[in-house]
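Worksheet for the structure shown next.
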Amino acid sequence: MIEKSEKGVISKLPNLGISVFARMTALATQYQAVNLAQGFPDFQPPDELIEYLYQGSKDGFNQYAPMPGLLMLREQINERIFRDYNYAAKVDTEITVTAGATQAIYSIISSFIRPNDKVLIFEPAYDSYAPSVLVNGGVPIYLRLKEPSFSIPWNEFENCINEHNIKLIIINNPHNPSGAILNKDEIDRIEKITREKNILIIWDEVYDLLVYDNRIHQSALRNSDLMLRSIVVFSLGKTLHNTGWKLGYIIALDYLTKEIRKLHQFTVFSVNTPAQYAVAKFMDSNTHFFSTLSKFYESKRDYFYQILQPVGLEMLSCMGSYFTLASFKHLGENSDEDSAIKLISEIGVACVPISAFYHDGYDPKILRFCFAKKEETLEIAVKRLLRLKDHNIFAKTDIN
Ligand code: PMP
Ligand code: GLN
């Protein structure tokens, strides 16, 4: 059915509103709440990186970069993925620098999805996946991850693959919002289940360096069979504390990259040149920064868990990413969206209701908090959250 807006405009995405991150951030600003909703650090990127940005611009890196990205950056990325995942990419034909992971994911979906193609999305899911599929005429097939571990429901997964003619699967590892990660056996199992079907897989690995408790990130890059039909997406913003620079990259074999670049050249063409220069220079001389990143964020996670204990929310486990989930099921029956709005307006802390990550509004009474913040910020948030005891945030009231 074609739906028209009031002014007769035919919308391709009639049911889509403003993203939950933007909505919660706008409310946080309105109520001067501590923003633990949107996933971005509230601290500066390294000084050296900022200086390189200035230097790049001064030294003339101000015009279009080559379509796949500055060679010096692609070389650094190549070294990085070889060091971390023992994966040797061809710099010219298998690495593409993008305007963040969001554009990468959109361009990939747009390159391969035709009208009526089915795309398997595990929920809770990052909010850009489904609209990118829908706007290209694709059909999302949703599968809920198992709570509270947010692990893959293997039987349902296999049934789904056998029942539907799935063209593409999107897998996010480490997972936003749950902080779950996949182990090697699980990755191998995914490869086996999808092998005969010739299914493409997008691996959204934007939090690949944020894996905790001495675990190793099992990138799809480690599995050569899987890489025959995988496209792996990374975000530099998540690793360099500069989400606003909007830089990311795609790794895929040349025959896949060739198709993706056809779209990439007309969705963005090339990406901010001085920022690419700065990141390349920084990566060249700061391997230590990257190798200590997981400990840096792990200590933030631990600190947040520790100071949040007296608040009375039930904290779920977090093995990676910027985020931790807290259940309020035992505290009341209010919806997570209403609870999150009240938390902002009455308590002064913003988080994300995870029903926003489900297409059908499923509400397991869980809130997502971002701990990629200064300790002072986390402390202020928790001091405010301690006031929860005097408020009826989670109790369902008549107006709900
Ligand atoms: N995927 C996931 C799982 C994310 O959480 C995000 C945003 N944080 C993105 C993709 C998009 O990353 P970027 O900001 O590089 O576009
Ligand atoms: N990825 C970020 C998050 O999960 C938000 C990015 C955005 O606002 N689109 O919070």
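The values are calculated or read from the model by the stated rules, or taken from the named source; none is laboratory data. Bear in mind that the values here come from a model prediction, so they are computed numbers and not experimental data. All Cβ positions, even for glycine, are placed from backbone atoms using ideal geometry, and neighbour counts span all protein chains on display.
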*What number of residues in the range 55-73 are touching a residue at least 24 places away in the same chain (Cβ under 8 Å), outside any loop (DSSP other than H, G, I, E, B) and either surrounded by fewer than 15 Cβ atoms within 10 Å (Cβ to Cβ) or not hydroxyl-bearing (Ser, Thr, Tyr) (or both)?*
4
_Would you confirm whether or not the range 337-352 contains a residue that is in a loop (DSSP other than H, G, I, E, B), more than 16 Å from ligand 2 (Cβ to nearest atom) and at pLDDT 95 or above?_
yes
_Residues within the range 294-311 that are over 18 Å from the mean Cα position of the chain (by Cα) and surrounded by 15 or more Cβ atoms within 10 Å (Cβ to Cβ), tallied_ = 7
*Is it true that some residue in the range 381-396 is surrounded by fewer than 23 Cβ atoms within 10 Å (Cβ to Cβ), within 27 Å of ALA125 (Cβ to Cβ) and among the polar types (S, T, N, Q)?*
no
*asked:* Given (1) in contact with an Asp or Glu (Cβ under 6 Å, 6 or more places away or on another chain); (2) crowded, with 17+ Cβ neighbours inside 10 Å, identify the lone condition not met by ASP254.
replied: (2)
*asked:* Quick check on my filter: what residues within the range 298-337 are more than 16 Å from ligand 1 (Cβ to nearest atom) and at positive phi?
replied: GLY312, GLY332
*Of the residues ALA88, ALA37, which single one is more than 30 Å from ARG368 (Cα to Cα), in a loop (DSSP other than H, G, I, E, B) and of a type in the set (Gly, Ala, Ser)?*
ALA88
*From the options ILE193, ILE231, ILE170, ILE201, residue that is over 24 Å from THR324 (Cα atoms) and buried (at least 22 other Cβ atoms within 10 Å of the Cβ)*: ILE231
*Identify, please: which residue in the range 27-37 is within 17 Å of ASP338 (Cβ to Cβ) and among the aliphatic types (A, V, I, L, M) and is, among those, nearest to ligand 1 (Cβ to nearest atom)?*
ALA37
